[in-house]
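Notes follow once the structure below has been shown.
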Amino acid sequence: MAYDKIVRSVAKIKAKCGETDPFSLCSLLGIPVCYSPMGSSRDAIKGFFIKSNRIKVITVNSDLPYMIQRIITAHELGHAMLHADSGMHAFHELALFDESSRCEKEANLFASELLISDDDFFGALDDGQAFSQAASSLNVPIELLDYKVKLIKSKGFEVKDSPISAKVNFLKDFSEAYPAETSW
C-alpha cells in the first residue's frame, strides 16, 4: 500500500468523525474495543483485531498502561481500516511472511498519521528539540515518530532523516521499553 493511500484513509476518518482519539474513533465507527488482561511480559499479546461475520472487534491488553493501550488501539484501528479482510492480527505473532510484515508496517504508519498531526510534528521539531525529546513532547514512542518522518517525506516535505530505523515489530517489545505510565 502506498503512503498516500494511508494518509487519505486517516484523513477520511478524521473528516467523517471529527476526531483523532483512537478510542473515540472506534466508538464512532462502531468497532467495539474489548479489554482483557493478557500479562505484561515481552511475549504477552498487546492487542489484536478480528473481523467475523462482518463484525469488527479490537481487543487490547488491559494489563498495559493507558498510553500504550492508546497506541495499540490506533495500530489495531489501522488493521480494521486497511486490512479488514485479511483476518486476525496479533502483536505476539512473529512477522514470518512478507505480507504480515507489510500489514504491520501499514498499521504502524496509520497509527503515526492518526496520533501525530503534521502541525504538531513540525512544531515539536521546529522547537529545536532532539528527536527523542520531540517524541516525548508528542506523547509517542520514538519509533512511531520515525514512521511519521516517512509519511512527512512522502508528502513532499524536506525533513532530516530520523536518527533511528524502527523495526516493523517494535510494538512487540513495547512493554519492556516503556514499562511505566510516564512520558516517553
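Read the figures in this text as sums done on the coordinates, not as results from a lab. These figures come from a predicted structure and were not determined experimentally.
Straight-line reach from Lys105: taking Cα to Cα under 18 Å and skipping same-chain neighbours fewer than 8 places apart, the lysines in range are Lys5, Lys46, Lys148, Lys150, Lys153, Lys155, Lys167, Lys172. From the alpha carbon centroid of region 1-80 to that of region 152-172 is 21 Å.
In summary, the convex hull built on the alpha carbon positions of region 3-177 has an orientation-averaged projected area of 9.7 nm².
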